[in-house]
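Structure in structure tokens, see below.
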Amino acid sequence: MNWNRMVQVMVVVAALMMAASFPIAAQVPPAGAPGIPANPASPRPKGDTSAIAKEAQGWLADLIKINTSNPPGNEQIAAMYIAGILAKDGIKAEILDLTPGRSALVARLRSSAVAEPSKALLLVAHMDTVPVDKSKWSVDPFGAVIKDGYLYGRGAIDDKGMLAANLAVFIELKRSMAHLNRDVIFLATADEETSGDASIRMLIAKHWEKLAAGFAINEGGNVFLKNGKVEYIGVQADEKVAYNIAVIARGTSGHASQPTKDNPVIHLAAAVAKIGNYSAPVHFTSIVRRYFEGLAPLEDDEVGKWMRSMDTADRGEHAQRVISDASPLWNAMLRDTIAPTVVTAGVANNVIPAEARANLNVRLLPGDPIAALVNDLNKLVNDPQVKLEVQPNAGLAAPSSSLESEFYKLIAKVVSQEFGGAPALPFQSTWLTDSAQLRLHQVQALGLVPFPLTQDDLKRMHGDDERIPLAAFDKGVDVLAKIVTEFATAH
Ligand SMILES: [Zn+2]
């Protein structure tokens, strides 16, 4: 970091720290609004998280105001802000620089003088966000506007909400002088959204000894609200693996006034159309099998019936089609998926180009080999003018986290208690998280964004007008505190 940039960063962080040290009175909706405790000054029973949750709402607002759209990320500024918050409670954090302007942050509460990494619990969240299309937002995406009980802003859910909740639980452990039976490590990662040079992969390669742990709680799973009630809690124990495949059609370039049959645009279009209509065969992983077994009784009779029939010899195929058509999420949990995302061809309106390309974004079920899919697609396309090339920097298949561990069982028990008896179901996310890298290092990583959210709110992640209901944020802080207290303290 050069000196000018250092001064700039210091000024931004200082301004945010000043803001953070005052109550967020101006942003607080009237008393009685969802998420705002009625009387935070009154004495609180042990384990009451209402005061720390309210404080954490302020940190979340500040984190939203620090623009960490990736690229370029600029997570270092967020890391410095978090270090300042931790320092106020006497917790020393380490900022781990990865690339210019991009850092992760790690802090530890010790249970004993000698660390036992295999027992330690990591609280993980990423600081970067996806970019915004400002013109599509009804509020400033970096303004942390509060409206109708919601806090709006890029990252409000993904993943600054979790970052602020982790911070709240971590600081509350320190304040309450909890008697820890294992180290608790707070980890804020960078570059999660593009898995590039400042991502957890690089962090682990450079600094593993600082974050080594046996267990982790990260994003990846969700508390699904339906008709005003929690339907189920998906605890992510595995995730799909991402690849990109280039589809390249080649032909002879020429004058567009004399069309030719080997025009690569035509061959590419035909190939992409065939691939777009292709559905890979269903393959049940053990997590997905348990997910549908648990979900079937919660759905209406018709859907439940087809969920139960998916693995039967006589009605299986029809049932798989019904369930896949009912939900893009369910479809993607059952099979490898292929989404054409980028098409490029042509240099001028009157020139037949020599080459046309498309990108396929592929998500494989854990354990499925990419070579088999490429083989199937080559047979399907069946065109000597079209080649498929697997691109570098693919995701890595990691082992899934155990559903038989005490850690999983404890989380499942606590969330079910806290969300009105709704069941916890093991979840295999179709999206990627930092947990794959952790699982490759023998960490039992489980994914749970602890905020109860509707489909509408979940869709806004990576979309426009991302927002979190403040009441859901407070509830999430409380649930996370209960999980961590039960797992990591003597009580
Ligand atoms: Zn995320």
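Mind checking which strands (runs of 3 or more DSSP E) fall wholly inside the stretch 89-175 and carry at least 3 residues that are within 16 Å of the ligand (Cβ to nearest atom) and either in contact (Cβ under 8 Å) with a residue 60 or more places away in the chain or in contact with a helix residue (DSSP H, G or I) (Cβ under 6 Å, 6 or more places away or on another chain) (or both)?
Result: 121-126.
If you check Ala242, Ala249, Ala216, which single one turns out to be under 18 Å from the mean Cα position of the chain (by Cα) and either within 30 Å of Lys379 (Cα to Cα) or aromatic (Phe, Trp, Tyr) (or both)?
Ala242
Here is a further query. For Arg308, indicate whether it is outside any helix (DSSP H, G or I), of a type outside the set (Phe, Trp, Tyr) and in contact with a helix residue (DSSP H, G or I) (Cβ under 7 Å, 6 or more places away or on another chain).
no
If you go through the stretch 40-88 one residue at a time, how many are part of a loop (DSSP other than H, G, I, E, B), surrounded by 19 or more Cβ atoms within 10 Å (Cβ to Cβ) and hydroxyl-bearing (Ser, Thr, Tyr)?
2
Residues checked against (1) modelled with pLDDT of 60 or more; (2) among the aliphatic types (A, V, I, L, M); (3) in contact with a Cys (Cβ under 8 Å, 6 or more places away or on another chain); (4) farther than 12 Å from Met127 by Cα:
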{"site": "Ala31", "(1), (2), (3), (4)": "no, yes, no, yes"}
{"site": "Gly35", "(1), (2), (3), (4)": "no, no, no, yes"}
{"site": "Gly47", "(1), (2), (3), (4)": "yes, no, no, yes"}
{"site": "Ala56", "(1), (2), (3), (4)": "yes, yes, no, yes"}
{"site": "Glu75", "(1), (2), (3), (4)": "yes, no, no, no"}
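Right, something else. Pairs, please: C-beta under 6 Å, at least 6 apart or cross-chain, first residue closer than 19 Å to Asp128 by Cβ and in the stretch 455-476, second acidic (Asp, Glu) and within 15 Å of the ligand (Cβ to nearest atom)?
Going by the 6 Å Cβ cut-off, the qualifying pairs are Arg460/Glu466; Met461/Asp158.
Condition check ((1) touching a residue at least 12 places away in the same chain (Cβ under 8 Å); (2) more than 22 Å from Ser253 (Cβ to Cβ); (3) outside any strand (DSSP E or B)) across all residues:
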{"residue": "Ala339", "(1), (2), (3)": "yes, yes, no"}
{"residue": "Val342", "(1), (2), (3)": "yes, no, no"}
{"residue": "Asn349", "(1), (2), (3)": "yes, no, yes"}
{"residue": "Arg357", "(1), (2), (3)": "yes, no, no"}
{"residue": "Ala371", "(1), (2), (3)": "no, yes, yes"}
{"residue": "Asp376", "(1), (2), (3)": "yes, yes, yes"}
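Now a separate question. Out of all the residues in the stretch 371-384, which are crowded, with 19+ Cβ neighbours inside 10 Å and under 17 Å from Asp336 (Cα atoms)?
Leu373, Leu377
Name the one entry in Asp140, Asp148 that is in contact with a Pro (Cβ under 9 Å, 6 or more places away or on another chain) and farther than 27 Å from Ala445 by Cα.
Asp148
What number of residues within the stretch 461-491 are over 23 Å from Ile171 (Cβ atoms), at pLDDT below 95 and not small (Gly, Ala, Ser)?
2
Same structure, new question: Surrounded by 21 or more Cβ atoms within 10 Å (Cβ to Cβ), among the hydrophobic types (A, V, I, L, M, F, W, C) and over 31 Å from the mean Cα position of the chain (by Cα): which single residue out of Ala256, Ala271, Ala237 fits that description?
Ala271
Counting only residues that are in contact with a Leu (Cβ under 9 Å, 6 or more places away or on another chain) and without any contact (Cβ under 8 Å) to a residue 40 or more places away in the chain, how many does the stretch 406-429 have?
1
Leu96 - would you say it is crowded, with 19+ Cβ neighbours inside 10 Å and over 15 Å from Leu203 (Cβ atoms)?
Taking the combined requirement at face value, the residue does not satisfy it.
With the structure loaded, tell me whether Ala249 is surrounded by fewer than 24 Cβ atoms within 10 Å (Cβ to Cβ), within 26 Å of Asp336 (Cβ to Cβ) and in contact (Cβ under 8 Å) with a residue 24 or more places away in the chain or whether it fails that test.
So Ala249 does not fit the description; no.
Also, quick follow-up: Hey, could you check the stretch 189-225 for residues that are basic (Lys, Arg) and either more than 16 Å from the ligand (Cβ to nearest atom) or under 25 Å from Glu406 (Cα atoms) (or both) and say which is surrounded by the most Cβ atoms within 10 Å (Cβ to Cβ)? Write out each step before concluding.
Kept after step one, since they are basic (Lys, Arg), are these residues of the stretch 189-225: 201, 206, 210.
Within this subset, residues satisfying the condition of being either more than 16 Å from the ligand (Cβ to nearest atom) or under 25 Å from Glu406 (Cα atoms) (or both) are 206, 210.
Values: Lys206: 13, Lys210: 16.
Among residues in the stretch 189-225 that are basic (Lys, Arg) and either more than 16 Å from the ligand (Cβ to nearest atom) or under 25 Å from Glu406 (Cα atoms) (or both), the one surrounded by the most Cβ atoms within 10 Å (Cβ to Cβ) is Lys210.
What's the number of the only condition in (1) outside any loop (DSSP other than H, G, I, E, B); (2) more than 17 Å from Ala242 (Cα to Cα); (3) in contact (Cβ under 8 Å) with a residue 40 or more places away in the chain that Leu329 fails to meet?
It fails just one condition, (2).
Condition check: away from the ligand (no atom under 16 Å from the Cβ), among the aromatic types (Phe, Trp, Tyr) and in a helix (DSSP H, G or I). Does Phe186 satisfy that?
Numbers: away from the ligand (no atom under 16 Å from the Cβ): yes; among the aromatic types (Phe, Trp, Tyr): yes; in a helix (DSSP H, G or I): no.
Judged against the criteria, Phe186 is not a match.
If we keep just the residues of the stretch 283-316 that are surrounded by 13 or more Cβ atoms within 10 Å (Cβ to Cβ) and of a type in the set (Asp, Glu), which is farthest from Gly421 (Cα to Cα)?
For the stretch 283-316, the residue satisfying everything is Asp311.
Something else about it: Please verify whether the stretch 214-223 includes one or more residues that are at pLDDT 95 or above and assigned to a loop (DSSP other than H, G, I, E, B).
yes
Yes or no: Ala280 surrounded by 14 or more Cβ atoms within 10 Å (Cβ to Cβ), in a helix (DSSP H, G or I) and in contact (Cβ under 8 Å) with a residue 60 or more places away in the chain? Steps first, answer last, please.
On the way: surrounded by 14 or more Cβ atoms within 10 Å (Cβ to Cβ): yes; in a helix (DSSP H, G or I): no; in contact (Cβ under 8 Å) with a residue 60 or more places away in the chain: yes.
Judged against the criteria, Ala280 is not a match.
The values are calculated or read from the model by the stated rules, or taken from the named source; none is laboratory data. Just so you know, these numbers come straight off a predicted model, no measurement behind them. Every residue, glycine among them, receives a Cβ derived from its backbone with ideal geometry; neighbour counts consider all protein chains shown.
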